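S.K.: The following block contains the structure, expressed as structure tokens.
The values are calculated or read from the model by the stated rules, or taken from the named source; none is laboratory data. Everything numeric here is computed off the predicted structure, so don't read it as measured data. Don't worry about glycine lacking a Cβ; one is built from the backbone with ideal geometry, like all the others, and counts go over all protein chains shown. Note: accessible area is taken over every heavy atom of the protein model, side chains too, but ligands, DNA and RNA are not part of it. Shrake-Rupley method; radii C 1.70, N 1.55, O 1.52, S 1.80 Å.
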Amino acid sequence: MTKYIIRRLLQTIPVLIGVTILVFSLMHLVPGDAAKIIAGEGASDQTVENIRERLGLNDPLYVQYGTFVGNAVQGDLGSSIRSGRPVMDEIGARFWVTFELAFYSTIVAVFLGLIAGIISAVRHYTLTDVTVMIIALFGLSMPNFWFGLLLIQWFAIGNWMPESLEFLKMRPSGWGDDWRQVVLPVLTLGTGGAAIIARMTRSSMLEVIGQDYIRTARAKGLTERIVVYRHALKNALIPVVTVVGLEFGGFLGGAVLTETIFAINGMGRLTIDAIRTRDFPMVQGTVLVISVLFVVVNLLVDVSYRYLNKRIDLN
Amino acid sequence: MSEETVNHPVTAKKVNPQLESFKQFWRRLAKNRAALIGGIMILFFVIMAFLGPWIISTFTDWEPNKTSVANKLQGPSAEHWFGTDSFGRDIFTRIVFGMKLTLYVGFLSVFVGGIVGVILGIVSGYYGGKVDTIIMRLMDVLLAFPGILLALAIVAVLGGSLTNVIIAVGIFSVPAFARIVRGSTLSVKKLEYIDAVRALGASDFRIIFKHILPNVMSPIIVQASLRIATAILTGAGLAFLGLGAQPPAPEWGAMLNEGRQYMYEAGHVALFPGLMIVVVVLAFNIFGDGVRDALDPKMKK
């Protein structure tokens with residue numbers, strides 16, 4: 001196990017190097033002159049030159065990359081071109097908002113997805129199963145930003161939980177202090193993931209239920225409840241763990257759309273605003289932070305998957 | 001990879017093995033209800049995308065970009081089936097004209113990403129060794145950007161336009177193809193007949209295109225149809241953020257974004273484009289699920 005963790009850790013090094021190179025390249029892949037674009041139209045040559053100097057764009061590429069990585073490791077991602085504040089400070093203020101949004105959404109997705117998937121598997125090929133799977137297929141096919149808009153509309157028209165619509169007000173930072181304000185964004189982001197987890201749980205459960213040891217358990221005279229929940233579910237959940245990790249990461253990225261709809265001041269909105277205003281250091285910073293976090297999550301998922309699987313092997 | 005396609009029965013009759021497996025593919029596909037329903041829906045959308053605008057401009061005086069302030073934000077009626085938007089434009093007409101854009105994003109991006117991904121996957125699986133390591137690490141890097149983030153970063157660099165969305169979503173699709181094709185190539189490569197062909201002096205190029213590619217086709221087709229669904233959603237998301245097709249293009253994601261401000265007074269403006277995205281994406285998902293069941297007997301329960 002330790003050996004596996006070390007090997008897996010070593011494997012992430014080239015990935016992280018690749019990620020930094022790609023993020024670093026963002027500014028250099030811009031068609032035309034990045035400094036000119038940042039300066040805006042009609043800027044004087046002197047202004048453009050100043051920006052170029054400040055971003056170190058006159059140095060050779062490998063020096064620029066070295067500086068970029070060296071600074072990033074020390075938590076310095078440069079300064080925003082628009083606000084002049086350090087990128088890391090701006091991200092720090094918003095990081096937990098997005099993290100929380102993704103985290104709660106994961107819980108909702110796992111909760112809804114597991115229930116739906118288990119019901120579907122236990123009653124496979126019944127009307128219930130078909131209905132649940134059709135709903136899941138819709139959940140999978142729905143743009144979540146559209147679903148979010150519909151939720152806002154329904155809640156507003158039905159006048160349900162007016163507090164949940166408080167979200168539409170811009171918040172300087174962080175969540176409101178009322179849990180009801182979290183409901184709509186979390187539902188918006190979590191539903192698509194729930195559909196994926198439901199489908200995954202169902203097929204994984206069906207595969208396990210078909211196996212010999214489940215027949216043995218049934219033959220022993222155990223009740224169906226114990227067979228399903230104690231024997232089948234435990235093993236069926238292992239592949240689901242992988243998806244849950246991926247979903248959490250996907251939510252971190254997908255938060256861009258949800259945060260835009262609900263005017264949440266998280267990292268997603270920060271990224272979008274930075275893209276709109278061509279604030280390249282800020283774009284680089286948010287993209288780098290989210291992807292490094294995703295790499296770490298994937299690492300944890302792989303290790304826990306291995307751990308769970310190993311226990312099975314030993315049994 | 002199914003055994004059947006690989007070891008299909010060779011009778012004394014002279015048969016073209018590729019044609020046979022192609023026929024077999026269609027037979028199995030036609031038997032699968034989900035694949036059939038999804039396929040018919042997709043066909044309908046494709047026809048609508050190309051004939052719809054022509055029918056509308058020939059037989060009616062509806063135009064996708066004709067504004068009429070007097071008629072703005074009207075609900076659905078006999079005159080305006082899906083109502084009108086904030087500029088008084090007919091939403092139904094815009095949706096019909098926008099169908100082509102949605103399918104463009106779906107098909108073109110997956111086509112571009114698929115070709116690159118398939119080549120990388122086959123090369124990686126076939127040659128193995130250092131080439132494999134480098135290609136797969138590269139794919140890992142692309143996969144390290146969760147969800148829409150990679151496409152977003154690419155559009156951030158290139159600037160917002162329909163073409164750039166297609167490029168971005170295409171790059172976003174590459175790793176999925178590369179991984180799946182690599183896996184299938186590895187298992188096909190081990191089969192004896194590949195050794196036999198090689199012993200007969202076939203070149204790598206010939207082995208790859210003549211023998212490996214046809215045998216990894218089914219996972220590619222499954223992946224492509226599911227990927228088109230994702231691509232349409234991602235493209236619509238980028239357009240919704242204002243980074244895709246620019247107004248007044250009747251792109252559904254962009255229409256949703258325009259309708260967003262009128263959620264309370266005129267919900268239909270955002271309702272219909274969203275509903276259309278759901279239906280089209282649903283068709284590709286149903287088709288993909290069906291194709292997977294039809295082509296991969298292992299997955300069948």
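S.K.: Restricting attention to the range B:71-79, does a residue exist that is in a helix (DSSP H, G or I), farther than 30 Å from B:MET139 by Cα and more than 18 Å from the chain's Cα centre (by Cα)?
M.R.: There is at least one residue in the range B:71-79 that is in a helix (DSSP H, G or I), farther than 30 Å from B:MET139 by Cα and more than 18 Å from the chain's Cα centre (by Cα).
S.K.: While we're on this one: Out of the residues in the range A:215-263 that are touching a Pro at 6+ places or on another chain (Cβ under 6 Å) and of a type in the set (A, V, I, L, M, F, W, C), state the one that is surrounded by the most Cβ atoms within 10 Å (Cβ to Cβ).
M.R.: Going through the qualifying residues, I end up with A:LEU252.
S.K.: Hey, another quick one. Looking at the range B:23-68, which of the residues that are among the charged types (D, E, K, R) and in a loop (DSSP other than H, G, I, E, B) is nearest to A:SER141 (Cα to Cα)?
M.R.: B:GLU63
S.K.: Identify all residues within the range A:13-36 that are surrounded by 14 or more Cβ atoms within 10 Å (Cβ to Cβ), at the interface with chain B (Cβ under 9 Å from one of its Cβ atoms) and part of a helix (DSSP H, G or I); write none if there are none.
M.R.: A:PRO14, A:VAL15, A:LEU16, A:GLY18, A:VAL19, A:LEU22, A:VAL23, A:SER25, A:LEU26
S.K.: Would you confirm whether any residue within the range B:215-234 is surrounded by fewer than 21 Cβ atoms within 10 Å (Cβ to Cβ), within 11 Å of chain A (Cβ to nearest Cβ) and free of Cβ contacts under 8 Å to residues at least 60 places away in the same chain?
M.R.: no
One line per residue, one yes/no per condition, for (1) touching a Gly at 6+ places or on another chain (Cβ under 6 Å); (2) more than 10 Å from chain A (Cβ to nearest Cβ); (3) under 20 Å from B:LYS66 (Cα atoms):
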| position | (1), (2), (3) |
| --- | --- |
| B:PRO250 | yes, yes, yes |
| B:LEU256 | yes, no, yes |
| B:ALA266 | no, yes, yes |
| B:ILE277 | no, no, no |
| B:ILE286 | yes, no, no |
| B:ASP293 | no, yes, no |
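S.K.: Moving on. Out of curiosity, is A:THR271 within 9 Å of chain B (Cβ to nearest Cβ) and crowded, with 24+ Cβ neighbours inside 10 Å?
M.R.: When the stated conditions are applied, A:THR271 passes them.
S.K.: Moving on. Would you pick out the residues in the range B:181-193 that are touching a helix residue (DSSP H, G or I) at 6+ places or on another chain (Cβ under 8 Å), open to solvent by 10 Å² or more (accessible area, probe 1.4 Å) and at pLDDT below 90?
M.R.: B:GLY183, B:SER184, B:LEU186, B:LYS189, B:LEU191, B:TYR193
S.K.: Next up: Looking at the range A:39-55, I want the residues that are of a type in the set (D, E, K, R) and have a partner that is crowded, with 16+ Cβ neighbours inside 10 Å with Cβ atoms under 6 Å, at least 6 apart or on another chain. Which pairs are those?
M.R.: If the second residue must be crowded, with 16+ Cβ neighbours inside 10 Å, the pairs left are A:ARG52/A:ALA35.
S.K.: Within the range A:63-77, restricting attention to residues that are within 24 Å of the chain's Cα centre (by Cα) and closer than 19 Å to A:ASP89 by Cβ, which residue is most open to solvent (accessible area, probe 1.4 Å)?
M.R.: The qualifying residue most open to solvent (accessible area, probe 1.4 Å) is A:VAL73.
S.K.: Here is a follow-up. For B:LEU158, indicate whether it is open to solvent by 30 Å² or more (accessible area, probe 1.4 Å), among the hydrophobic types (A, V, I, L, M, F, W, C) and more than 14 Å from chain A (Cβ to nearest Cβ).
M.R.: no
S.K.: Let me ask you something else. Taking the conditions exactly as written (of a type in the set (Val, Ile, Thr), closer than 25 Å to A:PHE251 by Cβ and within 18 Å of the chain's Cα centre (by Cα)), does A:ILE135 satisfy them or not?
M.R.: Against the criterion (of a type in the set (Val, Ile, Thr), closer than 25 Å to A:PHE251 by Cβ and within 18 Å of the chain's Cα centre (by Cα)), A:ILE135 does not qualify.
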